[in-house]
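Encoded as structure tokens, the structure appears first; notes follow it.
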Amino acid sequence: MKKILCATRGGEASIRTQDAVIAMAKKEGATIVFLYVVDVEFLRLTARGVRPDVVATELERMGEFLLAMAVERAAAQGVEADMIVRRGPLTQALEEVGQQLGADAVAFGRPAGVDSSFSLSDLEKLAARIEEDTGIETYIL
Amino acid sequence: MRRWIRTWGLFAFLLSASLILAFASRGSRAQEQPPSPLVTGTIQDSQDQPVEGATVQLGAEAEGEALAEAVTQSNGRYALPAPQDLPDNLFVQISRAHFEEDVVALSAADIQNLRNGESVVVGITTLPRRITPAFWIAALIFVAMLVLIATGTLHNTLAALLGASLVFFVSYLGEPLMEDLFIFGFDRALQYVDWNVIFLIMGMMIVIAVVERTGIFQWLAYMAYRLSGGRLWLLLPILMIVTGVASALLDNVTTMLLMTPITIQISLALGINPLALLMPEVMASNVVGISTLIGTPTNILIGSFADISFNDFLVNLTPGVVLAMIGLVLYSEFVYRKEILAPGKGEISPLLLEKLEERAQITQPGHLRKAAVVGTGMILLFVFGERIHLLPAVTAIMGATALLVWIRPDIEEMIEAVDWTTLVFFITLFIVVGGIQEVGLISLVATGIGDLVGENLILAMFVVTWFSAVLSTVIANIPFTAAMLPVVGYLTATIPGAGNKVLFYCLSVGSAMGGNGSLIGASANMVTAGIAERAGQPITYLYFIKKGFPALILTVALAMVWLLIRFLVLAG
């Protein structure tokens, strides 16, 4: 059975991506693994307040919750899905998890306007790099 | 063994720090008797503030050797021992960097008194300020530091460190080229570092490090949901109060870092936009934090500078904070009414509810109990400690030590828990602000504001509050507050009726509540936005201004009403 790795967060844009991946998985009879990547880079420019590893743990829990929602969403549409939370840079996490799982495809959402943290060209570069490094097919949905 | 040595080593260090601070606060009691009559006097600047570190010489001839020499103390006073054989002409020559030199001649009667063994009081000498190249350089360094912080070009600590290094670079390497490039020396710079602030923040960091892993914030947020029964109009104020109280007892950034993830989970489980809960929470955190001395870094700065105690903040600001919070709750309910009142919202899926319950566990009940006992003791010492002149920094260090000894955590982990970069930020910030104080920039600003408000206390209250509130939306409020302290100190000393320190409370209200005006106005806003963005819920600059700026106006106005009542009506 084909396996699609989907990096996601929460929010409306992510839900659109999740729906698109679920539809794609349904069509191809694939399973999905939703991935949430924790990074605490934003703490770099502000007062720390709390130890970064404590914040990372909280973000991991939040990520698990967000992914549980995505898994529930997939299940409601009859698609089998699993979830993984990882710490570290996004590209590295996607490549590592993709290879470990033997994923057939990696999917990410198209940037949702000016508020998105990524531009389309950033995503295209990221997709190209993952394809080059791992040979896994990528989709920007 | 190694662990034992490290634990007790840290204990000994913290205890020594407590004792040093405690003894330092009591001041020196020993006074030596002068062997000969003295020529005494006070040096002040044109704002009637004492001038410390001025060199005062007793001389007989213009180019001759000084008969006696002294340096003015922090109160501007000096005492020159008169020699036994006195000439017929005597004068006191005063010099100090960044001031014009002055010479005061002693009268024949004064000289006769000295000969009779009686001391002479020269009185107050006012030294006018001198604008030197060092003035412009120090000002430029300060502004550049603010810009680097505001634009996020450099980390706060790096920006302040760079500023302090430049001050020393110019002072030490520039002075040999041109005397007027000298800002101040290292010893003088260290006098501007407020160690009470450093130790208080360090002590609280250790306490927070123990509390942050206990799961209390997650449990409180979940209890807020349970208490509200899923009614969003009720959940909103409960979460705001929980966040506000936690911010007052710990600090805003910690509270928001730990409250934001669980709040996002509750919001998503309830099917509402997380920003409808996050924005009111972070605004409440900025508002309620000022009700205690330890709630915000700006209050710690203000409290230490103006000798305002934990009780003073509680008594003089809490009613205003309550008023502002009532306004903020109503405002938030109104602004997010569509989210709160939408039909179907508030229902939660069983799976997500199970997940939430899983998250809302007290993970370290033993540590939490101990932290609660020590925390209660610390609050009691903060409240009653002023009766025995116990500095808040000493209480914080003692509390942190007690907690460490009781819990015996991994000491290396605890040392890592202290945010040394923040402590370095404060130390170097004090040096940069000391630089502009030394060269007279602060005096100039203080005089300008003083001229603007005259002797009108109400006008001064409005100017200090709104000036700080608006500026805090665009520049980091910690360096701003640090720079404003001597300005407010000057206004307090010169405006009739301001002796009750009301203007310091105005600064506290303006600088903290002003943080609600923009995303970069407070660190708590930035970390909230950082976490929200990682949940796919970006808080943009524009969104924050749109929701936050009206809240700023409302809360500052309400707090201002209380300050007017408290200090003008109730004070009689």
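The values are calculated or read from the model by the stated rules, or taken from the named source; none is laboratory data. Since the structure is predicted, the reported quantities are computational estimates derived from the model, not experimental observations. Virtual Cβ from ideal backbone geometry, glycine too; neighbours counted across all protein chains shown. Quick note on the areas: whole protein, heavy atoms, side chains included, nothing else; ligands and nucleic acids left out. Shrake-Rupley method; radii C 1.70, N 1.55, O 1.52, S 1.80 Å.
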How many of the residues in region B:503-519 are of a type in the set (A, V, I, L, M) and surrounded by fewer than 24 Cβ atoms within 10 Å (Cβ to Cβ)?
-> 1
For region A:1-18, which residues satisfy the criterion of being open to solvent by 40 Å² or more (accessible area, probe 1.4 Å) and either within 14 Å of chain B (Cβ to nearest Cβ) or of a type in the set (A, V, I, L, M, F, W, C) (or both)?
-> A:M1, A:R9, A:E12, A:I15, A:R16
Does A:G63 count as away from chain B (no Cβ under 11 Å), within 25 Å of B:G271 (Cβ to Cβ) and among the small types (G, A, S)?
-> no
Would you please name the residue that is nearest to B:R96 (Cα to Cα), looking only at residues in region B:178-226 that are in a loop (DSSP other than H, G, I, E, B) and within 14 Å of chain A (Cβ to nearest Cβ)?
-> B:E212
Can we say B:T363 is open to solvent by 60 Å² or more (accessible area, probe 1.4 Å), touching a residue at least 12 places away in the same chain (Cβ under 8 Å), within 14 Å of chain A (Cβ to nearest Cβ) and assigned to a helix (DSSP H, G or I)?
-> no
Yes/no for B:A109 being assigned to a helix (DSSP H, G or I) and either under 14 Å from B:G41 (Cα atoms) or open to solvent by 50 Å² or more (accessible area, probe 1.4 Å) (or both) | yes
Can you name the residue in region B:154-177 that is assigned to a loop (DSSP other than H, G, I, E, B) and open to solvent by less than 90 Å² (accessible area, probe 1.4 Å) and is also farthest from the other protein chains (Cβ to nearest Cβ) among such residues?
-> B:E175
Positions within region B:483-496 being in contact with a Leu (Cβ under 7 Å, 6 or more places away or on another chain) and closer than 15 Å to B:V463 by Cβ, in sequence order = B:M484, B:V488, B:L491, B:T492, B:I495
Is at least one residue of region B:312-333 acidic (D, E) and either within 14 Å of chain A (Cβ to nearest Cβ) or part of a helix (DSSP H, G or I) (or both)?
-> yes
In region B:57-75, is there at least one residue being touching a Ser or Thr at 6+ places or on another chain (Cβ under 7 Å), at pLDDT 85 or above and open to solvent by less than 40 Å² (accessible area, probe 1.4 Å)?
-> no
Residues located in region A:47-60, provided they are open to solvent by 10 Å² or more (accessible area, probe 1.4 Å) and modelled with pLDDT of 90 or more = A:E60
Which of (1) more than 13 Å from the chain's Cα centre (by Cα); (2) within 21 Å of B:A529 (Cα to Cα); (3) open to solvent by less than 10 Å² (accessible area, probe 1.4 Å) does B:G295 not meet, given it meets every other one?
-> (1)
Collect the residues in region B:222-249 that are buried (at least 24 other Cβ atoms within 10 Å of the Cβ) and either over 15 Å from B:E281 (Cβ atoms) or under 29 Å from the mean Cα position of the chain (by Cα) (or both), keeping them in residue-number order.
-> B:L239, B:M240, B:T243, B:G244, B:A246, B:S247, B:A248
Out of curiosity, is B:A482 open to solvent by less than 30 Å² (accessible area, probe 1.4 Å), closer than 24 Å to B:I427 by Cα and within 14 Å of chain A (Cβ to nearest Cβ)?
-> no
Only listed residue being open to solvent by 20 Å² or more (accessible area, probe 1.4 Å) and more than 25 Å from B:I262 (Cβ to Cβ), chosen from B:L353, B:L323 | B:L323
Among the residues of region B:558-572, which ones are outside any loop (DSSP other than H, G, I, E, B) and either among the aromatic types (F, W, Y) or more than 14 Å from B:V287 (Cα to Cα) (or both)?
-> B:V561, B:W562, B:L563, B:L564, B:I565, B:R566, B:F567, B:L568, B:V569, B:L570
Would you call A:V37 away from every other protein chain (no Cβ under 13 Å), buried (at least 18 other Cβ atoms within 10 Å of the Cβ) and touching a helix residue (DSSP H, G or I) at 6+ places or on another chain (Cβ under 9 Å)?
-> no
Residue among A:T31, A:T57, A:T8 that alone is of a type in the set (S, T, N, Q) and more than 17 Å from the chain's Cα centre (by Cα) = A:T57
If a residue has to be under 21 Å from B:G295 (Cβ atoms) and either in contact with a strand residue (DSSP E or B) (Cβ under 6 Å, 6 or more places away or on another chain) or open to solvent by less than 60 Å² (accessible area, probe 1.4 Å) (or both) to count, how many in region B:366-390 make the cut?
-> 12
How many residues are within 23 Å of the chain's Cα centre (by Cα), within 9 Å of chain A (Cβ to nearest Cβ) and open to solvent by 40 Å² or more (accessible area, probe 1.4 Å) if we restrict to region B:524-572?
-> 1
Residues of region B:183-213 satisfying the condition of being open to solvent by 50 Å² or more (accessible area, probe 1.4 Å) and either β-branched (V, I, T) or over 13 Å from B:G434 (Cβ atoms) (or both) = B:W195, B:R213
Log entry, pairs with first residue in region B:315-342 being closer than 21 Å to B:F382 by Cα, second being of a type in the set (G, A, S), beta carbons closer than 6 Å, six or more apart or on different chains, reads B:L317/B:S291; B:T318/B:S291; B:G320/B:A559; B:V321/B:S291
So B:F467, is it among the aromatic types (F, W, Y), in a helix (DSSP H, G or I) and open to solvent by 20 Å² or more (accessible area, probe 1.4 Å) | yes
Could you tell me whether any residue of region B:367-381 is touching a Ser or Thr at 6+ places or on another chain (Cβ under 9 Å) and within 14 Å of chain A (Cβ to nearest Cβ)?
-> yes
